[in-house]
1. What FRET efficiency would be calculated for the residue pair ILE83, ARG195, taking the C-beta separation as r and a Förster radius of 41 Å, to the nearest 0.05?
2. Report the gain in length on full extension from THR48 to PHE22: 0.36 nm times residue separation, minus Cα-Cα distance, nm rounded to one decimal.
3. So what J values fall out for region 198-206 if you push phi through Karplus, 6.51 cos²θ - 1.76 cosθ + 1.60 with θ = phi - 60°, rounded to Hz, Gly and Pro as x?
4. As a quick test, which of the pairs LYS155/LYS203; LYS30/LYS174; LYS43/LYS157 have an alpha carbon distance above 24 angstrom in this structure?
5. ³J(HN,Hα) across region 58-68 via Karplus (A = 6.51, B = -1.76, C = 1.60, θ = phi - 60°), whole Hz, x for Gly/Pro?
6. What is the spin-label model distance, in nm, from GLU73 to SER154 if the labels are put 7 Å beyond Cα along the C-beta direction?
7. Take the residue pairs LYS150/LYS175; LYS33/LYS152; LYS152/LYS192; LYS72/LYS192; LYS33/LYS71 and return only those whose Cα atoms are more than 23 Å apart.
8. With θ set to phi - 60°, apply the Karplus curve 6.51 cos²θ - 1.76 cosθ + 1.60 along region 20-35 and write out the HN-Hα couplings as whole Hz, x wherever there is a Gly or Pro.
Amino acid sequence: MGWNTDILDDDNISANARLIYFALSKFADKDGKCYPSFATLAKKTKLTDRTIRKYIPELIKNNWIRKEQRKKEGGAWENNLYILHRLGVRKEIPKVRKEIPKGTEGDSEGVRNQFPTNLSNITYPYNYNNINIVEQVINYLNDKTGKSYKSKTSKTKSLINARLKDGFTFEDFKKVIDIKSKEWLTDKAMNKYLRPETLFGGKFEGYLNQENSNLDDDEKYSHLNNDVF
């Protein structure tokens, strides 16, 4: 389909991210849309599920793909929808092209010269559907913990948007909520910390990479510092 060639020229994209993009392109239709599961991508690329989750944000950040959450009518989550972009039609690349010299209309070299020669200096716009993701994260937190946090609170939006900007995904938020809910939900001392400012703050990545939720009391409290309390 021609979706996966120009990415080889982008020095910002790692080998693993390119491999994932190639796998996505295998499933993409003529509009660049596909929805393979993490397990399917892991099988096709011979990468782990965790590696897939880690490098998809790299493709999103550099505007090679867009990701949308999908939900069934009954409320259950379906596989993500991925929309692949091609160089030249990748959405929202900053307009730093230089003007095509006169007389080069239709000339392939002239067309190529429209694009900046050094993409590493470009800051791509943050193009997440933030409002939707914030609401989904808070709904999931409330469903999992039985709490009633609001998705429109400025502090909550700021925390979640900061983590999204760091490259984390909705699946990462779900994993952190699952891990800490399992660990703290029935703990009277810790239950109150199942809240956005604790879960989605500076310790987020540590929580995400926490393998064992069956911790003793000292380990439970070591994840927090005084400013959380």
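What follows draws every value from the coordinates through simple rules; no lab data is involved. Note that the coordinates shown come from a computational prediction; the quantities given were computed from them, not determined experimentally. Methodologically, a virtual Cβ is constructed for each residue, glycine included, from the backbone with ideal geometry; neighbour enumeration extends over all protein chains shown.
1. Values: r = 34 Å, r/R0 = 0.82.
The value I calculate is 0.75.
2. Separation in residues times 0.36 nm, less the Cα-Cα distance, equals 7.8 nm.
3. 8, 5, 10, x, x, 8, 3, 5, x
4. On the way: LYS155/LYS203 16 Å; LYS30/LYS174 31 Å; LYS43/LYS157 35 Å.
Beyond 24 Å between Cα atoms: LYS30/LYS174; LYS43/LYS157.
5. So the J values, rounded to whole Hz, are 5, 5, 5, 4, 8, 6, 8, 9, 10, 10, 10.
6. Output for this residue pair reads 4.2 nm.
7. Details: LYS150/LYS175 20 Å; LYS33/LYS152 31 Å; LYS152/LYS192 20 Å; LYS72/LYS192 31 Å; LYS33/LYS71 16 Å.
From LYS150/LYS175; LYS33/LYS152; LYS152/LYS192; LYS72/LYS192; LYS33/LYS71, over 23 Å: LYS33/LYS152; LYS72/LYS192.
8. 3J(HN,Hα) across region 20-35, in whole Hz: 5, 4, 4, 5, 4, 5, 5, 9, 5, 7, 5, 9, x, 9, 7, 8.
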